Amino acid sequence: TLGTQTDYRDGEAQTDPYSPEYVVPSGSVPELLTLATLTWGRGLPAGLAEVEMIERAREKRAWEATLPAMDSASQITKRRKMMDDMERKEWAFREQEIEKLQEVRLEVLKKLLWRREENQNELDAKRLDDHWQNHQKAKEEKIKKIQHDCALMLRKLIAKRKNVMGKLERRDIIKEYTDFASQTYAPLSRIGYFPDNHSERYMVKNFYLNTFAGLCELEASLPDSVTQVKIKAPKPKYSTTKTGFIKRSARLEVELAQVHQALLEKKNKVKEPKKPLRFLEKVEKPVPRPPTPVLEKPSIEEEETELAVICLQKLLRGRAIQNMMFEGKEKRLELIQELRTTHALQEDGQLLLKAEEQMTLALQQQHDLQMHKLSSVENHLAREEGRALADIFDFLSKELVRLQEERKIHAFVMLAERQRRMREAEESGRRQLEERRRQEEDEIFKQAREGYCTIDSYLEDIILSSMENTAEEQAREEIQRMAVEINDIAYEMESRRTRLQSEEIVAELVYDFLIPEAQKMSIREKVRQSQRKHIYAAHQLIHRGTE
């Protein structure tokens, strides 16, 4: 609440810098006003390009100051030649700037293409990884299935191998209960027994622990000594100082008491008597179990005869079943033929399904080809669109540079025009003053010469001259006041003018100044061409006559 300190620098919290208002006195054109177009973020703070632009503007102003006056034909031709040279230099400089911009744009385009290629490579690698992982998952699933089928077949083979001869064995309950690895103690889940089912039956459910009312009742039944524990602070056994340390005398007393207690224990220690030897105890044997009944082993001959009888029974049963099947086939021969016809129809349907499948595959391939063609066409269209957009952006950037140059030229033209008008006004004022003085002197000389200079005419001349002087002074003051007002209005309009208005003004100036001049030059060239024909004809006639 007393003071805070920011974590950020002042430069990070600073917005656009403050630009104070200024007033330009009449008759002065400060150099700083030529940089009024530069604002914060658009040229300020000034970098290398802005400094070069300012230096070029200074050089151009110095060059304009060295231009000769347009008072003779030689000076005009010299001025035109200097302006043509400067225009060539400006066009060369502009071409260099355009080349630099094109190089920068080319570098940016290369970086974008390289980045797009990297992204495409990453996407391809990611797709390949996903495809490989899917194949790996399918492979692992197939391996698991094969291993499961292998284990199942191995169990079946082991079960068959246990009973190769096909004997019918009865269930030995005693053996199952004596073997703790049998199905009685550890049944397999594949047989259909799941020991984890209905495990919630064995959960302990207590009213006092599972409900809020039970917990409140259990808490009320407990004594206060359980819920409200009282702890007494232990008293120190030794005398301590104010700072909490034990005194040396107390420590010595404790050590002496421990030594005394150890001596008393050693003195009063009684030797333990030796333990007597233990007598032999009789171990009673358990009651012997009754003998386990054992089946008598049949002889080999009886076993062979039994196997032969079983084989004969199998043959007889198989023959009887074969005869029953033959009789059933004879009885239901019509149904069998009908089923065969339906199967034949089913085969025709299968052929139709195969044909439809082939047709769908062909349609799918055709669709894939069309999609590939469409994608290639879209790629070509995107490439052409990119080329067209690049051309448009290039043209727009060049037009922007051209408009900026035109605005600069317009500013320089306005400054030169203003200086020219000021000089012309000064020259015209000087010339008018000299002419007026010359007229007055001529009039005075004329009147003095003729001899009719009287007091009335003299007074009339004085009054007229005073009236002219006062009228001239009043007109000059009025003109200066109107010029100041017009300058203020012009500066206010210049400050309120938007970019579109300035571009419109530049376009009108270009249309009013450059296009008529170009038309005049073209008309002059046409007149010169037409005159050249007549001059050539006249030369031919003259030279032919002289020859």
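The values are calculated or read from the model by the stated rules, or taken from the named source; none is laboratory data. Everything numeric in this text was worked out from a predicted model, so none of it was measured. Heads up, the Cβs are rebuilt from the backbone with ideal geometry, glycines too, and the neighbour counts pull from every protein chain shown. In case anyone asks, the SASA skips ligands and DNA or RNA and just uses the protein heavy atoms, side chains included. Shrake-Rupley method; radii C 1.70, N 1.55, O 1.52, S 1.80 Å.
Pairs linking a residue in the stretch 169-188 that is in contact (Cβ under 8 Å) with a residue 24 or more places away in the chain to a residue that is assigned to a helix (DSSP H, G or I) and open to solvent by 90 Å² or more (accessible area, probe 1.4 Å), with Cβ atoms under 6 Å and 6 or more positions apart or on different chains, do not occur. Screening Q364 against (1) outside any helix (DSSP H, G or I); (2) modelled with pLDDT of 80 or more; (3) of a type outside the set (D, E) leaves a single unmet condition, (1).
Quick check, is E417 outside the structural domain of E90 (by the TED database), surrounded by 10 or more Cβ atoms within 10 Å (Cβ to Cβ) and more than 30 Å from R61 (Cβ to Cβ)? No; evaluated as a whole, the condition is false for this residue. Say whether the condition of being surrounded by 10 or more Cβ atoms within 10 Å (Cβ to Cβ) and touching a residue at least 24 places away in the same chain (Cβ under 8 Å) is met by at least one residue in the stretch 146-156. Looking for residues that are surrounded by 10 or more Cβ atoms within 10 Å (Cβ to Cβ) and touching a residue at least 24 places away in the same chain (Cβ under 8 Å), one finds none in the stretch 146-156, hence no.
Just for the stretch 298-336: of the residues that are basic (K, R) and open to solvent by 100 Å² or more (accessible area, probe 1.4 Å), which one is nearest to K175 (Cα to Cα)? Checked the stretch 298-336; the qualifying residue nearest to K175 (Cα to Cα) is K314.
Considering only the stretch 238-252, I want to know if a residue exists there that is at pLDDT 70 or above, open to solvent by 100 Å² or more (accessible area, probe 1.4 Å), of a type in the set (A, V, I, L, M) and not in a helix (DSSP H, G or I). No, the stretch 238-252 has no match at all. Among the helices (runs of 4 or more DSSP H) confined to the stretch 145-225, the ones with at least 2 residues that are of a type outside the set (V, I, T) and in contact with a helix residue (DSSP H, G or I) (Cβ under 6 Å, 6 or more places away or on another chain) are located at 207-210, 212-221.
Among the candidates L400, L361, L389, L396, the residue that is among the hydrophobic types (A, V, I, L, M, F, W, C), open to solvent by 60 Å² or more (accessible area, probe 1.4 Å) and over 30 Å from I505 (Cα atoms) is uniquely L361. You will find that of E406, E434, E424, E443, the residue that is surrounded by 11 or more Cβ atoms within 10 Å (Cβ to Cβ) and closer than 30 Å to L464 by Cβ is E443 and no other.
In the condition set (1) outside any helix (DSSP H, G or I); (2) open to solvent by less than 100 Å² (accessible area, probe 1.4 Å), L295 is compliant with all but (2).
Between residues in the stretch 469-491 that are within 29 Å of E440 (Cα to Cα) and residues that are at pLDDT below 85 and open to solvent by 80 Å² or more (accessible area, probe 1.4 Å), which pairs lie under 9 Å by C-beta distance while being six or more apart or on different chains? Within 9 Å, the pairs are Q480/S26. Quick one: which residue in Q120, Q102, Q147 is farther than 30 Å from R383 by Cα and either more than 21 Å from the chain's Cα centre (by Cα) or not hydrophobic (A, V, I, L, M, F, W, C) (or both)? Exactly one residue qualifies, and that residue is Q147. Checking each residue in the stretch 487-500 for being surrounded by 12 or more Cβ atoms within 10 Å (Cβ to Cβ) and part of a helix (DSSP H, G or I) picks out N487, Y491. Search the stretch 510-522 for residues being open to solvent by less than 100 Å² (accessible area, probe 1.4 Å) and of a type outside the set (D, E, K, R), and hand back the single one that is modelled with the lowest pLDDT. Only one residue tops the list, namely V510.
Here's the yes/no breakdown for (1) modelled with pLDDT under 85; (2) open to solvent by 60 Å² or more (accessible area, probe 1.4 Å):
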| residue | (1), (2) |
| --- | --- |
| A49 | yes, yes |
| D71 | yes, yes |
| M86 | no, no |
| Q96 | no, yes |
